[in-house]
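Have a look at the structure below before the remarks.
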Amino acid sequence: MHNAIPLFLTALLAVGIIIIGCFYLVSPERISGTFGLKPPASDADSRAWLRPKGIRDIAAGLIVLAMMLTADWRLVGIALLVEAVIPFGRHVMKWRSQYPCTMRLGSRSHSCIYS
């Protein structure tokens with residue numbers, strides 16, 4: 001029971017990020033606002049750069065689920081720490097960009113802090 005709650009929350013977050021990745025593959029123009037970006041143009045070339053984000057999100061979730069099923073629980077924690085580089089890098093990129101301060105603080109910056 002002591003390990004059940006953190007493992008359940010970890011699995012829930014992994015499945016959640018996989019679902020978000022699927023949305024980026026299926027409808028990138030609809031979900032791009034949640035990433036803190038302006039919607040891209042409606043042509044295929046402009047939308048294509050959002051699809052790698054979906055693939056990255058799906059892979060990140062699958063890595064955590066695979067580690068939970070096959071590895072020691074300590075390795076799951078190490079994998080989560082390594083994957084925390086993704087939201088941290090995104091947070092740093094936003095702070096270095098020309099977005100307004102409210103956009104930098106609000107949009108997905110909390111994912112960096114919680115990781």
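Just one of (1) at pLDDT below 70; (2) in a helix (DSSP H, G or I) fails for V76. It is (1). The condition of being within 15 Å of V15 (Cα to Cα) and exposed (fewer than 14 other Cβ atoms within 10 Å of the Cβ) holds for only one of L80, L69, that being L69. Contact map, the range 70-86: residues that are free of Cβ contacts under 8 Å to residues at least 12 places away in the same chain paired with residues that are among the aromatic types (F, W, Y) and part of a helix (DSSP H, G or I), Cβ distance under 9 Å, separation 6+ or inter-chain. No pairs are found.
Suppose we keep only residues that are part of a helix (DSSP H, G or I) and loosely packed, with under 11 Cβ neighbours inside 10 Å within the range 1-58. Which one would you say is modelled with the highest pLDDT? Filtering first and then ranking leaves L12.
The values are calculated or read from the model by the stated rules, or taken from the named source; none is laboratory data. What you are looking at is a predicted structure, and each value in this text was computed from that prediction instead of being measured. Cβ atoms come from the backbone with ideal geometry, glycine included; neighbour counts cover every protein chain shown.
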